[in-house]
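Readers should treat all values here as calculations from the given coordinates under stated rules, not as data from a laboratory. Values in this document were obtained by computation on a predicted structure and should not be read as measured data. Because the Cβ atoms are built from the backbone with ideal geometry, glycine has one as well, and the counts that use them run over all protein chains shown.
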Amino acid sequence: MTEIAGGASVAARDLTALDQRARGLSLRWPIGLTAAVLYGSLLPFDMDWTAYQASNGFGLFELTLRGGTREDILTNILVYAPIGLALVLCGGPRTLARWGRVPLAVLVGVVVSLVAETLQAGIAGRVASWMDVALNTLGTITGAVLGATLYGAGHGVTRWARRELSERPFTTTASILTLGLFLYNLVPFDFITDTTGLHASFGRARWDLTGVRPSAFGTPPYYGPMIGQLGGAAWFAALGYLLVLAAGESGRDRFSAVGSAIKHGFILASLVEFMQLFTVSHCFDLTVIALRTLAVIFGAWCAVFLVVGRGDSSWRWRPGLAIPTVLLLLLAVFQVLARLMSSFDPSLWSVQGIDLAHVRWVPFEGLWHQPMAKAASDALSTLMTYGTLALTLAMILGRVRAGLIWVIAGAVVTLVALGVEALQCCSALGTPDLTGPALAVIAVIGSSHLYRPLSAAFLVPTAATTSGVRRDAALR
């Protein structure tokens, strides 16, 4: 009992510290976002310094006023919005009124945009324009106003989410994962708007159980269709696992918990796949529904026989016990193999054809050559993959010293990312790129910040569950 009460106090202290830190962002956020925007603005770094030797002597006066496509307009606005948002949310709530930071955020956005457009005047592949400066400024204003307007509401939602995660970790996590799977499988939200496109979508749909559609958006053309779907099925297996434990949190028996999990997973898989009929870049496939439903059943089976059916309910007040190490090891191995196999195709294997001259040594240059929607989807998919792997490794190494955990996890994730690119070098269609390793490092850094609230909710007892323990002890 003393150990449980002590764990609860640790959890409460961790959540209180996180709540205090959530009052404002660190100064590293606006600095990092500004550096990232300038980095992306200067891709592909083919500077031509003779362009600045004009009669006026400065590239800023070479800017023109030109229009742009809808994608250019959205890109210029969305890229600069995080700068304004971070500047408004930076610092504690008492240092300066939120609305008082909006002019400062706008000024920083204008200066950064002018610097970026001036330097772009000397890059052959970029077109500097006063219209871009105006759109970038509009993006900064949008982010700043959004931050000042929604700060209070966002802080309240964050506290509510932390409280729910602390009191009902499995139910909250299952709800978040359900919403995330629904949204992620519809990216890039290119819904069909005409009857002709709808007829074409129904025509290419696969209504039988004879095949699996290629993995959507962001995977190499030689990526095996079945391998591509195994990654999505693994997420549904995790959902089935969490749904059974969530039902156990509410006191339901194992049979009704399994039935509820299967029903929930089947409805989600069917709804997601049905929505594919109304998008341009996806294709409906009945096999996907069957595969993901089987994955939910497998996840529910693991939860019942490895956790719920152990004969005690200790996992309810000690959620970390609901994540057996053997499952974490299998999950880590699966993620590594799936990532490496995504870049391997025996029919395209050619060791003699390795040409390092085709390697893109500049990180994110490959994303720059893609449309915004596809680049965003690629980056999000890579961050999710490596971030999940980093969190899995951190949970496996939970008893190791905190600093050493992320050194080991970061090294493993980075080596996997480099291995993927090395396999791409040996493929006839592969285009090696350092974007993956760079995103892997970013994913590890982000996971290290996310791990603390997750560990506070899952790896130590919470105040809500401690009362349940005391009640059980009194009954005994």
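Quick notes on this one:
- With the simple model of a label 7 Å out from the Cα in the direction of the Cβ, residue 404 to residue 45 spans 3.6 nm.
- Placing R0 at 51 angstrom, the Cβ-Cβ distance between residue 441 and residue 263 gives a FRET efficiency of 0.80 after rounding to 0.05.
- Residues listed by number, the range 186-209, amide nitrogen under 11 Å from residue 70 label point at 7 Å toward C-beta: 190-191, 193
- Close amide H contacts of residue 285 (hydrogens built in the peptide plane, cut-off under 5 Å, sequence separation of 5 or more or a different chain): 206.
- Cα-projected label distance for residue 199 with residue 418, points at 7 Å along beta-carbon direction, nm: 5.5
- Under 5 Å, built H, 5+ apart or other chain: amide partners of residue 90: 25
- Cβ-based exposure ranking for 381, 313, in which fewest neighbours within 10 Å come first: 313, 381
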